[in-house]
Every structure is written in structure tokens, then in C-alpha cells.
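A short write-up of the structure that comes next.
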Amino acid sequence: MSAEGRRWFLSRGLAAGGLAAAGCLACDPSRPSRGLLGLSERWNERFQRLLFDPSRLAPELPASAETPPGMFPAYKIGDFYPEAPAGWALAVGGLVERPGALSLADLQRLPQTRLRVRHHCVEGWSAVASWDGVRVSELARLVGADPRARYVEFRSFEEGYYSSWDLESALHPQTILAYGMDGAPLAPEYGAPLRLYSAVKLGYKMVKYLSAVAFLPQRTGGYWEDQGYEWFAGV
């Protein structure tokens, strides 16, 4: 099944599931992990995990496909785009041999990766930018991630914002910690100084303003996921 066909199938299936659940008293939107909503979400996660291929790469696009400057949509959850706290560094912990903190300079000394793939938003729009950064898999190697860690949680210094991922998606070769966009350092509206970016997830999973990465044995939630958005959110 093509990526476009998969997105169409999943969106229709989720919509149908939502309609079926709408009148059910077991569905409490204030507790999306409970009742029929929770059951549907767990089924959906298992189904998407079966479809996920860690070796499949999204097409790399030419520079001519890039969205014009200033036209790539930008989002925040607060009233203002947050600024990095003084002395910012990325904390890395959880089930790792070498927990610690990495400055932006530390991250830029690691092997660099550039991605230019299509970004897909749950709202239906898409855009293209070039992203520079370091693979999450390289970070996992650096800190010695424990095999018992099956999930990765990404935290933001934008208060309340976070997301958790399955390990396979986090270690995909097209999942990076990005510090550059279109050949320049990240702008505040796009997540400076560091954000998560990937070709294998919908946009709301790509945490901006990163402050911490934790390798965990169990999955947690996320800012949007805790409000009922799909947890796996693959494309």
C-alpha cells in the first residue's frame, strides 16, 4: 500500500471509528485512554506498528520543492514563541549508560544529517523544508540506550508540551534532532534552538523547543495525545 493510500485508509478508518464511538457512554473524551476510545487507540497502534517498516525511507525532494520562505506554517501552544532559557542544554536520560546534557555545540559536532521531505499535518496541509541535525539513533548510540527502552519521550521548554514515541520510529534514519532549517539556524517560530523532525510521523508529534529526551521502558503520552489525538500518528 502506498503512503498516500495508507494515510487515506487510516483517516477513513479513524473517522468511522469516531462516529461509531460518538454515542457510547464508555467514551469519555476527558480520559482518552479509557473506554472504547482507549480500546480503539490501542487497536490502531497495533495496526500501525504492523504497517511500519523501519527500513522504508520517504522520498528526498529537490531544493525546487521547498515551500517559499515564510510560508511554512508555524505553531505554538502559548501566547508567544518561547525563548531558550539561559544556559540551555539538552538533557538526556532514562535507561541509558551515560546520562548527561548536550549543548548546541555538542550536538553540532555529532555526524550531521540533512532531510528534505514532505511534512504532513493532521489538519490536511503539507509543506517542504530542508532540515539539518543529528539522528536520534546517533544520540542513542552516544548515551548507550538500554535495550529495555522501548519508547522515547521528548520534552519541550514550552510549558506542558511533550510527546512520546515508539523506539522504532525514533531510531528511523529520517528522525532527527534539527537545529537548522533551509540552510540557516532555526528561527524561534520553528523551534529554536532544537526540535524533533521526522519523515515518519504527523507534525504534532515533532516536539519543538526541545529540553529533554528520555529512553523509557513504557510509553507515556503527549500534549495532544492526552487530549485524544492518535498516539502512533504514522505517515
### Message
Take the conditions open to solvent by 10 Å² or more (accessible area, probe 1.4 Å), in contact with an Asp or Glu (Cβ under 7 Å, 6 or more places away or on another chain) and farther than 24 Å from Phe72 by Cα and apply them to Pro147. Does it pass?
### Response
no
#### Entry: Residue count, the stretch 122-134 (criterion: touching a strand residue (DSSP E or B) at 6+ places or on another chain (Cβ under 8 Å) and either open to solvent by less than 10 Å² (accessible area, probe 1.4 Å) or not hydroxyl-bearing (Ser, Thr, Tyr) (or both))
8
#### Entry: Filtered residue count, the stretch 77-96, keeping only those that are in a loop (DSSP other than H, G, I, E, B), open to solvent by 40 Å² or more (accessible area, probe 1.4 Å) and touching a residue at least 24 places away in the same chain (Cβ under 8 Å)
6
### Query
If you check Gly70 against the conditions, is it within 18 Å of Glu189 (Cβ to Cβ), among the small types (Gly, Ala, Ser) and without any contact (Cβ under 8 Å) to a residue 40 or more places away in the chain?
yes
### Message
Here is a check on your reading of the model: is Val200 within 19 Å of Val128 (Cβ to Cβ) and in contact (Cβ under 8 Å) with a residue 12 or more places away in the chain?
### Response
yes
### Task
Please specify each residue of the stretch 159-192 satisfying the condition of being within 18 Å of Leu110 (Cα to Cα), surrounded by 19 or more Cβ atoms within 10 Å (Cβ to Cβ), touching a helix residue (DSSP H, G or I) at 6+ places or on another chain (Cβ under 9 Å) and not small (Gly, Ala, Ser).
Leu171, His172, Thr175, Ile176, Leu177, Tyr179, Met181
### Message
Please verify whether Pro99 is surrounded by fewer than 16 Cβ atoms within 10 Å (Cβ to Cβ), of a type outside the set (D, E, K, R), over 15 Å from Ser156 (Cβ atoms) and out of contact with any Asp or Glu (no Cβ under 7 Å at 6 or more places or on another chain), treating the condition exactly as stated.
### Response
yes
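The values are calculated or read from the model by the stated rules, or taken from the named source; none is laboratory data. As the structure is a computational prediction, the values presented were derived from the model and not from experiment. Glycine also receives a Cβ, built like all others from the backbone with ideal geometry; neighbour counts cover every protein chain displayed. To get the accessible areas, we keep the full protein, side chains included, count just its heavy atoms, and leave off ligands, DNA and RNA. Shrake-Rupley method; radii C 1.70, N 1.55, O 1.52, S 1.80 Å.
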